[in-house]
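Engineer: Sharing a structure, written as C-alpha cells. Questions coming.
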Amino acid sequence: MAQYDNRVRSVGATGAVAVDEGLRAYMLRVYNYMLMGLALTGATAWIALNTPLGALFFAQTAQGFSLSPLGWIALFAPLGLVFFLSFRIHAMSFATAQMVFWAYAGINGIALAPIVFLYTAASIAQVFFVTAATFGAMSLWGYTTKRDLTGWGSFLFMGLIGIIIASLVNFFLQSGTMQLVISIIGVIVFTGLTAYDTQRIKEEYDVSLDGTIAGKNAIMGALRLYLDFINLFLMLLRLMGDRR
C-alpha cells in the first residue's frame, strides 16, 4: 500500500512538472509572437517614414500629414484584421492565422507612421523604454500573482469603451484637455489590461490541446498583449512625447 501511495505521488509530481514546463514554453511562444509582431510594426513604420514607399500612403504637410486613398485603407485595415482574426481564427488553418497576424502587424506600422512622425526620435525612444518597462513589470505580476484578476475585466472593459467613445468625440472637438484626460485614463486601463490579459492567457493554457489549437491560442494571446503594448505606448507618447 505504501509503495502504491509513493507511485501516485511520484506520478502527480511528474505531471505537475510537465504542465509547468509546457506552460512556460507556451507563454514563451506567446511573447515571441508578440515581440516579432512589434518588430514588424516598427520596421514597416520606419520604411514608411524613411523611404519613397511612404509617399504611397501619406504626404507631409505644414499641419502634419495628409492621407492618400491607400493611406486611409492602411489606417482602417488593422481594425478589420483584428476582428477577422478574433472571430474567424478557429475556422482558419494555423498557417492562415499566422499570415493574418503578420499582415496586421505590418499594416499597423504603416497606420502608426504618421502619428509617430509628429514626435522627435529621442522622445519616441524614451517612451518606448518606459512602455517596455511598465508592460514587462505588469505582465510579470499578472503571471506570478495568486490574486484572481477576473473582477478587473468588466471595469477595464468599461474603461476601454469610454476611451473609444471619448476619442471619437474628441476627433471633432480637438480639445487638448480632453485628450490629456483620455491619455491618463488610457495608461491606467492598458496597464491593468496587461496584467489581466497575461493571467487570462496563462489560465487558458491546456496541456491536452493539440498543436494546431495551442498554436492558434498562442497567436490570439500574442494579439491581446500586442494591443496592450501598442495602446499603452500611444497613450504615454501623447503624455510624454516631444512634438517636432
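Engineer: How much mean residue ellipticity at 222 nm does the chain get from its helices, if each DSSP H run of length 4 or more adds -39500 (n - 2.57) and you divide by all residues, to the nearest 500 deg cm²/dmol?
Structural biologist: -29000 deg cm²/dmol
Engineer: Here is a further query. With the chain treated as a Gaussian network of Cα nodes joined by springs under 10 Å, which of GLN199, GLN126, GLN174 yields the largest mean-square fluctuation?
Structural biologist: With Cα springs under 10 Å in the chain, the top fluctuation among GLN199, GLN126, GLN174 is at GLN174.
Engineer: Could you work out how far apart the two model spin labels at MET158 and ALA121 are, taking each label as a point 7 Å from the Cα in the direction of the beta carbon, and quote it in nm?
Structural biologist: 4.5
Engineer: In addition: Based on other C-beta atoms within 10 Å, arrange MET34, MET178, MET220 from fewest to most.
Structural biologist: With the sparsest Cβ surroundings first, the list reads MET178, MET220, MET34.
Engineer: For the pair VAL207/GLN60, report the inter-label distance in nm, with labels modelled 7 Å from Cα in the Cβ direction.
Structural biologist: Roughly 5.6 nm, to one decimal.
Engineer: If you compute mean projected area of the Cα convex hull in nm² for the structure shown, which of (1) 12.7; (2) 17.4; (3) 15.8 do you land on?
Structural biologist: Checking each listed value against the structure points to (3).
Engineer: Note down the magnitude of the dipole of the stretch 24-240 about its Cα centre, charges +1 on Lys and Arg C-beta and -1 on Asp and Glu C-beta and zero elsewhere, to the nearest 20 debye.
Structural biologist: I would put it at about 120 debye.
Engineer: Using Cβ contacts closer than 10 Å as the measure, can you line up VAL100, VAL127 from fewest to most?
Structural biologist: So the ranking, lowest neighbour count to highest, is VAL100, VAL127.
Engineer: Same structure, new question: Report the gain in length on full extension from VAL181 to THR150: 0.36 nm times residue separation, minus Cα-Cα distance, nm rounded to one decimal.
Structural biologist: 8.6 nm
Engineer: For a quick check: sort ASP210, ASP242 by the number of other beta carbons within 10 angstrom, fewest at the front.
Structural biologist: ASP210, ASP242
Engineer: Moving on. What FRET efficiency comes out for SER86 versus PHE172 if R0 is 22 angstrom and r is the Cβ-Cβ distance? Round to the nearest 0.05.
Structural biologist: 0.20
Engineer: Could you state the angle between the C-alpha long axis of helix 211-240 and the longest principal axis of the C-alpha atoms of the chain, as a value from 0 to 90 degrees rounded to the nearest 10?
Structural biologist: On a 0 to 90 degree scale, this one is about 40.
Engineer: Can you tell me, using C-alpha contacts under 8 Å and at least 6 residues apart, the relative contact order of the stretch 24-240 as a whole percent?
Structural biologist: Relative contact order of the stretch 24-240: 30 percent.
Engineer: Determine the gain in length on full extension of the stretch GLN98-ILE47; use 0.36 nm per residue of separation and subtract their C-alpha separation, reporting nm with one decimal.
Structural biologist: 16.2 nm
We did not get these values from a lab; they are worked out from the coordinates using the rules stated. These numbers were taken from a predicted model, which means no experiment stands behind them. Ideal geometry is used to build each Cβ from the backbone, glycine not excepted, and the neighbour counts take in all protein chains shown.
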